[in-house]
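Chemist: After the structure tokens below, expect a handful of questions from me.
The values are calculated or read from the model by the stated rules, or taken from the named source; none is laboratory data. Owing to the predicted nature of the structure, the values given are computational and were not obtained by experimental measurement. Glycine gets a Cβ as well: all are built from the backbone with ideal geometry, and neighbour counts include every protein chain shown.
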Amino acid sequence: MGNLVLLLIQSPFDIPLPDTWFSTLGEILNALFALAIRGYLIFILIGMMIYATGLSDGLAKSLVAAGIVLFFGGPLIINLLAQLSGVETITVESATSAWLHLLGMTDAEIISILVWLGDAIVAICLLAGAILYFTPSANDMTGKGKSLIVRALLLAPILAFFHVAAWL
């Protein structure tokens, strides 16, 4: 076993890759390309919902930043990786097929579920924020109530855009 490890360390590229490796790598790159051209909205929506709840501001900001980076740099980086690895050219059709094969739902269905969940989060945050704001016993609860209301009101226009975007 030790000799095999030493042999692999000394010459790692002498081993021929199986033919299925390229198809597997193609599927992975197609799924990543689909995530880059469609999934960035999912990252942004989940990040904004986490931000509205106030659970983890760092995670929320990271998810929104990841969504923005995916939007601008994702397709370029994925196509560069595809060219370097020798996989066939990634197209929008092949990425859509990989997305449906991997998740079983279209991106519109996933986003509509997230928008529905976001509507529930906005309603709960507004209600909880109003209850905390009108609690006269402590000033810290008033501050937390204001924060929840403002965060919910930041998420509401984004969700309203997704409700109206279906008709645009």
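Chemist: Could you please find all residues in segment 154-168 being of a type in the set (A, V, I, L, M, F, W, C), part of a helix (DSSP H, G or I) and without any contact (Cβ under 8 Å) to a residue 12 or more places away in the chain? So that I can check it myself, show each step before the final result.
Modeler: Initial filter on segment 154-168 (of a type in the set (A, V, I, L, M, F, W, C)): 154-156, 158-162, 164-168.
Filter once more, keeping what is part of a helix (DSSP H, G or I): 154-156, 158-162, 164-165.
Those that are of a type in the set (A, V, I, L, M, F, W, C), part of a helix (DSSP H, G or I) and without any contact (Cβ under 8 Å) to a residue 12 or more places away in the chain: Ala160, Phe161, Val164, Ala165.
Chemist: Can you find even one residue in segment 102-111 that is touching a Leu at 6+ places or on another chain (Cβ under 8 Å) and over 30 Å from Leu25 (Cβ atoms)? Step through it out loud before you land on a result.
Modeler: The initial filter retains those residues of segment 102-111 that are touching a Leu at 6+ places or on another chain (Cβ under 8 Å), namely 106-107, 110-111.
Keeping just the survivors that are over 30 Å from Leu25 (Cβ atoms) gives none.
No, segment 102-111 has no match at all.
Chemist: Within segment 93-104, track down each residue that is under 24 Å from Ala165 (Cα atoms) and loosely packed, with under 13 Cβ neighbours inside 10 Å.
Modeler: Across segment 93-104, the qualifying residues are Glu93, Gly104.
Chemist: If we keep just the residues of segment 45-63 that are within 10 Å of the chain's Cα centre (by Cα) and within 18 Å of Val150 (Cα to Cα), which is surrounded by the most Cβ atoms within 10 Å (Cβ to Cβ)? So that I can check it myself, show each step before the final result.
Modeler: Let us first name the residues in segment 45-63 that are within 10 Å of the chain's Cα centre (by Cα), namely 45-47, 63.
Restricting the remaining residues to those that are within 18 Å of Val150 (Cα to Cα) gives 45-47.
Working: Leu45: 24, Ile46: 19, Gly47: 21.
That would be Leu45.
Chemist: So Phe134 passes all but one of these: (1) of a type in the set (Phe, Trp, Tyr); (2) at pLDDT below 90; (3) within 15 Å of the chain's Cα centre (by Cα). Which condition number does it fail?
Modeler: (3)
Chemist: Could you tell me whether segment 105-122 includes any residue that is under 14 Å from Leu159 (Cα atoms), hydrophobic (A, V, I, L, M, F, W, C) and touching a Ser or Thr at 6+ places or on another chain (Cβ under 9 Å)?
Modeler: The answer is yes; a qualifying residue exists.
Chemist: When only residues in segment 29-62 that are in contact (Cβ under 8 Å) with a residue 40 or more places away in the chain and among the aromatic types (Phe, Trp, Tyr) count, which is nearest to Ile158 (Cα to Cα)?
Modeler: For segment 29-62, the residue satisfying everything is Tyr51.
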